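The values are calculated or read from the model by the stated rules, or taken from the named source; none is laboratory data. Source: prediction; values computed, not measured. Don't worry about glycine lacking a Cβ; one is built from the backbone with ideal geometry, like all the others, and counts go over all protein chains shown. Accessible surface is based on the protein model in full, side chains and every heavy atom, while ligands, DNA and RNA are left aside. Shrake-Rupley method; radii C 1.70, N 1.55, O 1.52, S 1.80 Å.
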Amino acid sequence: MSEAIQHNSQVTMTRHEDFLRTAEALRPSLRSEFHQPTALVEAHADTNTLFGWHAEQISSLEAFYQRELTSGDSVIVDFGSHYVGYLHFLCQSAGSPPDAPAHLQLTFGETLCEVCEPFSEYQGWLSSSWLQQQDLWLDVLPAKVELPRRYCFRYLKIEVKAVSRKFRLRVEQIQVNAVTSATEVCPPVPSRDPQLQAIDNVAVRTLQNCMQEVFEDGPKRDRRLWLGDLRLQALVNDVTFARHDLVRRCLYLFAGHTREDGMVSANIFVQPDVIADDTFLFDYSLFFTDVLYNYLQSSGDIETVRELWPTAKRQIELALSRCDASGMVRDSNDWWVFIDWQESLNKQAAAQGVLIYCVQRAIWLAEQFDPELTTTLCDRLQQLKTAALRELWDQQQGYYVSGTQRQVSWASQIWLVLAEVGSVEQRREIMRNLQKNPPAIAMNTPYLRHHYIAALLQCGMRDKAIAEIKSYWGAMVDYGADTFWEIFDPEHPEFSPYGSRLINSYCHAWSCTPAWFIRQYGL
Ligand code: RAM
């Protein structure tokens, strides 16, 4: 897997204690709510479903609570929707006094396939320790079980690995104590379109379940604050839960632990202490500026933005230092920029687009916080745009090309359109061309799809944007998604950038943006 994240343990990092203190003071308290399962289900292999399984309801919860389980028994409990939280249940014995410990294995699935396909067969390149499973040995029965680990699931498989022949087990009072930092109320979706309403509903739940002590990318994996995900979550948060304080906290977390030269990391750990990861991505660092700019628009909090502007400015300076004398971002083969999970994608053109997009936001911020810098930034913006047109535009194909192989991809078009390179008519023509003559290097994640929809809307192609939201996110809803998935390629349901779909996240921050499109644009 050539795209596997590379780490560099040699980097020296700097802590900015004032910023970290501000972030700590903004740590949210979590709201919790108990939920019970809805039924017991049985999984059947089914090639007509996307992931190969369908659930059939086989018993009520009440009936299950009467059932006596013995070694080898296995059941799947369905919670009816996706939850993030702590599992509680009561385990009783039946028959003779329990003369041996009870060994249970619990497996948690955001989707049915995770509780049906054995984790032992997992061969992806991300650690298998992400797969959600827990063994329990209960020495004393009855036992009130409260799992200390947070899990993320709709389905819970309970397997009785071993009890003695003299007694059986009854499981009762199963509950999840679901947690989130999202507010209890969310404004209703204004759309009258039932399909968009359904999509919005799933999108809002996705965001809600990712909102914990930080905006997590996915509550199953990586359970972590990533800048690229934060940027999209903050947009959806603006039009739903409006927890601007959580966005503010996340901005201070990124600014609080940087590389020695000031570059912000691509992601942050917050336990046991704040630690910026040693992964640095060109686009993610640049997005600090965009998140800050949007935060100012939605919160009006001038003081925070004044304090964090130097961090944003530094990201722009560092990114500009990657450009050659002609104003082109230098390409390379290592994992330097994200854009999409797409192994064959050449990312130079898209990176140029991201840089232009973020320099524009930096100019808007500089006008207010650093007016003397504005002219220099405007000159650089012009230089970057001119270079993009001169070096990347291929008049004959009607597309931008990328890298020495002059590759044509969706990502390059989308990002250079979002960067507002070329005339308005030229940008519209590119978006139309993507329909007529789709590049082979496709979009692999809802993350890049988000940018595609944004580009359509920016070009005034509202109907097309709605149709695309419906066909892509609507398809996930039709496939039964309770929350939106990290990865979805309807043509290749097996696709995972990590080598197995068992480890994909099925409640993923970057997929929740239809709620922003629907609410912000009044779709
Ligand atoms: C994965 C996660 C995360 C994303 C990074 C680049 O680890 O899915 O959301 O931002 O990749």
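Odds and ends about this structure:
- Only one of S402, S412 that is away from the ligand (no atom under 16 Å from the Cβ), touching a strand residue (DSSP E or B) at 6+ places or on another chain (Cβ under 6 Å) and open to solvent by less than 20 Å² (accessible area, probe 1.4 Å): S412
- Scanning segment 156-181 for residues that are among the small types (G, A, S), in a strand (DSSP E or B) and crowded, with 17+ Cβ neighbours inside 10 Å yields a count of 1.
- Neighbours by Cβ (under 6 Å, 6+ apart or cross-chain): first from segment 225-247, under 24 Å from D278 (Cβ atoms); second hydroxyl-bearing (S, T, Y) and within 16 Å of the ligand (Cβ to nearest atom): L227/Y284; G228/Y284; L232/T513
- Single match in L196, L147 (criterion: within 20 Å of D78 (Cα to Cα) and either open to solvent by 40 Å² or more (accessible area, probe 1.4 Å) or under 34 Å from the mean Cα position of the chain (by Cα) (or both)): L147
- Annotation note: of F153, F89, the sole residue that is in contact (Cβ under 8 Å) with a residue 40 or more places away in the chain, part of a strand (DSSP E or B) and within 26 Å of S496 (Cβ to Cβ) is F153.
- Test: residue in segment 83-106 that is of a type in the set (V, I, T) and open to solvent by 50 Å² or more (accessible area, probe 1.4 Å): no
- Subset tally (residues that are open to solvent by less than 10 Å² (accessible area, probe 1.4 Å) and either more than 21 Å from G460 (Cβ to Cβ) or acidic (D, E) (or both)) for segment 379-399: 4
- Summed over segment 464-523, the residues that are within 16 Å of the ligand (Cβ to nearest atom) and among the β-branched types (V, I, T) give a count of 4.
- 2 or more residues within 23 Å of A454 (Cα to Cα) and within 16 Å of the ligand (Cβ to nearest atom): qualifying helices (runs of 4 or more DSSP H) within segment 188-275: 194-210, 227-239
- Within segment 491-508, residues that are closer than 19 Å to Y151 by Cβ have Cβ atoms under 7 Å from residues that are open to solvent by less than 10 Å² (accessible area, probe 1.4 Å) and among the small types (G, A, S) in these pairs: S505/G218; C507/G218; H508/G218, counting only partners at least 6 apart in sequence or on another chain.
Yes or no, residue by residue, for (1) more than 30 Å from L20 (Cα to Cα); (2) open to solvent by less than 30 Å² (accessible area, probe 1.4 Å); (3) touching a Pro at 6+ places or on another chain (Cβ under 8 Å):
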residue	(1), (2), (3)
W309	no, yes, no
K313	no, no, no
E367	no, no, no
T376	yes, no, no
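- Test: A366 is small (G, A, S), within 16 Å of the ligand (Cβ to nearest atom) and under 25 Å from L292 (Cβ atoms): no
- Residues (out of contact with any Cys (no Cβ under 9 Å at 6 or more places or on another chain) and more than 16 Å from Q105 (Cα to Cα)) located in segment 165-181: R165, K166, F167, Q173, Q175, V176, N177, A178, V179, S181
- Qualifying residue in segment 450-460 (condition: open to solvent by less than 30 Å² (accessible area, probe 1.4 Å), of a type in the set (G, A, S) and away from the ligand (no atom under 16 Å from the Cβ)): yes
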